[in-house]
Amino acid sequence: MELTKIAFGGGCHWCTEAVFQALVGVVKVEQGWVSSTETNNSFSEAVIVHFNVEKINLKTLIEIHLLTHKSTSNHSMRTKYRSAIYYFSHQQKEESIQIIEELQASFSDSIITKIVEFKNFKPSTEAFQNYYQSNPDKPFCKNYINPKLKLLLQQFSKNVDKCKVRHLISTI
């Protein structure tokens, strides 16, 4: 089993964590804050996704990332919620650039997601780890995370671990 990792930022890390935890082939999701270099050296909410490349590929992960946060909107909270793919190798950087270029045709607006080097990580406190699994009935989860998980079930059903989202399946 070949495991690799990539980091994603874009919206609330509770949402991002829940989205990637629901996927087949994702072994671990670390929630917290990630920084890059140069102009992106401040920490912003993000997750590190550890995945099995034999079960889910980078293109699918990136496509899911782009569809589950505002990847075409440059809003006032971009410092806290940087729309980014944080790469760990030059090969991953080049592959991510190519994937974004291919996926752009599926979007009516320009994708603003940056592809930047991973530099540092600070994990969230334990109380906020696995937020959705611990709090699925909280209003935040119902209002913000459930719609993202429903999108996964509708558009990426073969990539979703149905056991992780079984409470939503009956509502679709």
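Computed from the coordinates by the stated procedures, all read-outs in this text should not be read as laboratory data. Every value quoted in this text rests on a predicted model; they were computed, and no experiment measured them. Virtual Cβ from ideal backbone geometry, glycine too; neighbours counted across all protein chains shown.
Tabulated values for the structure
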{"read-out": "Order of 95, 45 under a 10 Å beta carbon neighbour criterion, fewest first", "value": "95, 45"}
{"read-out": "Farthest toward positive dipole pole in the stretch 10-156 [+1 Lys/Arg, -1 Asp/Glu at C-beta], among 21, 103, 86", "value": "21"}
{"read-out": "Table column - 3J(HN,Hα) (Hz), the stretch 47-58, Karplus curve with 6.51, -1.76, 1.60, x for Gly and Pro", "value": "9, 9, 9, 9, 9, 8, 5, 7, 10, 8, 9, 4"}
{"read-out": "Inter-part distance where the stretch 91-132 and the stretch 1-68 are each reduced to a Cα centre, Å", "value": "7"}
{"read-out": "Where chymotrypsin sites (Phe, Trp or Tyr not before Pro) fall in DSSP loop in the stretch 79-145, at most 15 other Cβ within 10 Å", "value": "88, 107"}
{"read-out": "Charge dipole magnitude, Cβ of K and R +1, D and E -1 - the chain, Cα centre, debye nearest 20", "value": "540"}
{"read-out": "HN-Hα J in Hz across the stretch 96-104 - Karplus 6.51, -1.76, 1.60, θ = phi - 60°, x for Gly and Pro", "value": "5, 4, 5, 5, 4, 4, 5, 6, 3"}
{"read-out": "Which of 161, 109, 137 has the fewest Cβ neighbours within 10 Å, and the rest in rising order", "value": "137, 109, 161"}
{"read-out": "Share, in percent, of DSSP beta bridges within the stretch 3-169 that are antiparallel, nearest 5", "value": "85"}
{"read-out": "Value of relative contact order over the chain, rounded to a whole percent, pairs C-alpha under 8 Å and six or more apart", "value": "30"}
{"read-out": "Calculated SAXS-style log₁₀ I(q)/I(0) at q = 0.12, 0.17 Å⁻¹ - the chain, Debye, Cα scatterers", "value": "-0.50, -1.06"}
